[in-house]
1. Taking region 134-263 as the region of interest, what is the percent of Cα-Cα pairs per 10 angstrom bin, listed from the shortest bin to the one with the maximum distance?
2. For each of 278, 285, 220, count neighbouring Cβ atoms within 10 Å of the residue's Cβ, then give the residues from fewest to most.
3. Distance in nm between label sites at residue 106 and residue 45, each 7 Å beyond Cα in the beta-carbon direction?
4. Using r as the Cβ-Cβ distance of residue 53 and residue 134, and R0 as 30 Å, what FRET efficiency do you calculate, to the nearest 0.05?
5. Based on the inverse mean of 1/r over its pairs of different Cα atoms, what is the Kirkwood hydrodynamic radius of region 144-196, in Å?
6. Among 268, 235, 276, what is the fewest-to-most ranking by other Cβ atoms within 10 Å?
7. Using 1/(1 + (r/R0)^6) with R0 = 45 angstrom and r between the beta carbons of residue 213 and residue 148, what's the FRET efficiency to the nearest 0.05?
8. Ratio of alpha-carbon Rg to the 2.2 N^0.38 Å globular estimate for region 219-302, to two decimals, please.
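What follows draws every value from the coordinates through simple rules; no lab data is involved. Every value quoted in this text rests on a predicted model; they were computed, and no experiment measured them. Here Cβ is always computed from backbone atoms with ideal geometry, including for glycine, and neighbour counts include all displayed protein chains.
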């Protein structure tokens with residue numbers, strides 16, 4: 001009797017398994033299903049292609065509109081602001097079209113878009129608690145752009161921690177390129193302090209030390225002559241005449257003189273290198289010593305104490 005029940009159960013399980021397999025095979029053999037799926041996939045491909053073409057056309061139009069703005073050739077600030085706003089507008093277009101594409105594709109597969117949008121308000125309330133940093137990044141990015149705190153091409157220092165040239169100001173993040181080529185991406189919500197070196201002209205500050213033995217009047221005259229030569233040689237770099245501020249400090253082995261020069265934004269690094277080079281060459285020509293550490297080797301002395309006297 002038990003054997004009969006076992007055989008019956010096994011037969012039932014086998015029949016159910018075969019039915020499931022047959023339904024599975026029949027599902028994939030359904031011609032109407034494949035035709036409907038093909039139509040949907042074709043529609044999705046056409047939607048993606050159309051929105052991609054629209055994105056390219058709209059971003060190109062935005063780029064041309066900003067390129068048509070009449071900006072003076074030497075107005076670097078306006079040029080950078082124009083480039084920043086152009087990239088922001090292009091990114092906004094891409095985000096909007098991307099959202100439209102996602103909603104349209106979901107609609108092709110039977111998702112209720114109206115219900116999805118209606119539920120977004122309730123879901124957004126729950127998500128907002130977990131996306132506070134994202135909202136903070138977006139709001140801070142909007143204030144950075146509209147307050148013109150910095151633009152593409154500006155050399156900035158953020159939070160006194162990282163500095164570099166701004167290569168992109170986005171709604172959520174800012175990208176900086178360092179002197180060594182590294183790119184740093186910082187969420188806008190984490191930017192608490194901005195030091196912008198590109199808003200106004202920079203000042204190159206150069207300290208040069210000379211030996212205490214040199215005559216101060218002679219040194220100051222030489223520094224002024226060298227400064228005049230540098231101004232004439234690099235007239236495009238120096239906006240105002242190089243100023244000799246005077247004696248800055250008295251070091252252990254040198255008198256330190258300070259020179260200052262107003263140069264275009266972010267050009268103080270290059271101006272400082274040029275001044276150091278020209279000051280070294282000019283002081284050497286005039287025989288004015290720039291002190292540097294020296295190592296003096298003293299030969300060992302031979303002691304004659306206790307040496308035997310030579311016999312007569």
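1. 11, 30, 20, 20, 14, 4, 0
2. 285, 220, 278
3. Result: 2.5 nm between the two label points.
4. After rounding, the FRET efficiency stands at 0.50.
5. 10.8
6. 235, 276, 268
7. 0.25
8. Numbers: Rg = 16.6 Å, N = 84, 2.2 N^0.38 = 11.8 Å.
Here the Cα radius of gyration is 1.40 times the empirical estimate.
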